[in-house]
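Take a look at the structure below.
The values are calculated or read from the model by the stated rules, or taken from the named source; none is laboratory data. What you see is a predicted model, and the numbers here were worked out from it, not measured in a lab. Because the Cβ atoms are built from the backbone with ideal geometry, glycine has one as well, and the counts that use them run over all protein chains shown. Each accessible area value is taken on the protein alone, full model and side chains, heavy atoms only, with ligands, DNA and RNA left out. Shrake-Rupley method; radii C 1.70, N 1.55, O 1.52, S 1.80 Å.
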Amino acid sequence: MAANEDQEMELEALRSIYEGDDCFKEIGPSAFQYRVGDIGDSKAFLIDISWPETYPESAPVISMNAFFNNQISPSVKQSILNRLQEQVEQNLGTAMTYTLFEYAKDNKEDLMENHQPFNNAITLAGNESTAEHVNAPSKKKEKKEQLTKAQKKKLADKTDYKGELPRGWNWVDVIKVKLFSNSYLATEDFIHYTLITRKISWHRL
């Protein structure tokens, strides 16, 4: 439950006013969120308000640290908080959560006037990486030429398991050179050559 009677009354009023409003979210009996702007709106932002025990006599805690605001620069966030803080000072001692949410809604364009999409890079512990380092293009690995299945099989047939050519793989070509270097090769020798080459080719299969 809320810490005091004033907070309980304000809580009931907020529930009644924002019933059915998807922009309003009750985090707890003393913590609330309101989204100013529609989802997809580049100038939309989220406000978190929580009540200390002595609220409304003391100021509420206002934050814009929600992940939803990750694309808003720190300077714009601080500017919005400063403007909301002015409203807090003017309404101190009274229920003001509704007033703060409505002020943000009514002045959305003015509050986000200097907004530019901001990439909030995450810095890893012990690493002073900046957005420039995070977004640096990575070196692409050179793509090796891929062999087809037929090429792989042909290569495997010619080599042993170490990828080396076996002894005698080119004997047929040697015999061919020697036989045909003799200009007086007889028909009988040619037939003998043919049988030899076929036999060697068969052994290579």
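Some values worked out for this structure:
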quantity	calculated
Backbone HN-Hα couplings from phi across the stretch 85-90 [Karplus 6.51/-1.76/1.60, Hz, Gly and Pro as x]	5, 4, 5, 4, 4, 6
Accessible area of the stretch 1-65 divided out per residue, in Å², using a probe of 1.4 angstrom	55
Solvent-accessible surface (1.4 angstrom probe) belonging to Glu109, in square angstrom, nearest 10	110
Accessible area (Å², 1.4 Å probe, nearest 10) - Asp6	80
Estimated distance in nm for a label pair at Phe67 and Thr99, the labels positioned 7 Å out from Cα along Cα-to-Cβ	3.4
Summed side-chain charge close to Gln90 - residues other than Gln90 whose Cβ falls under 14 Å, Lys, Arg +1, Asp, Glu -1	-2
Radius 12 Å from Cβ of Lys108, net charge of other residues (Lys, Arg +1; Asp, Glu -1)	-3
Kirkwood Rh, angstrom, the stretch 23-120 [1 / mean 1/r, Cα pairs]	13.7
Net charge contributed by nearby residues that have their C-beta within less than 10 Å of Ala31 (K/R +1, D/E -1)	-1
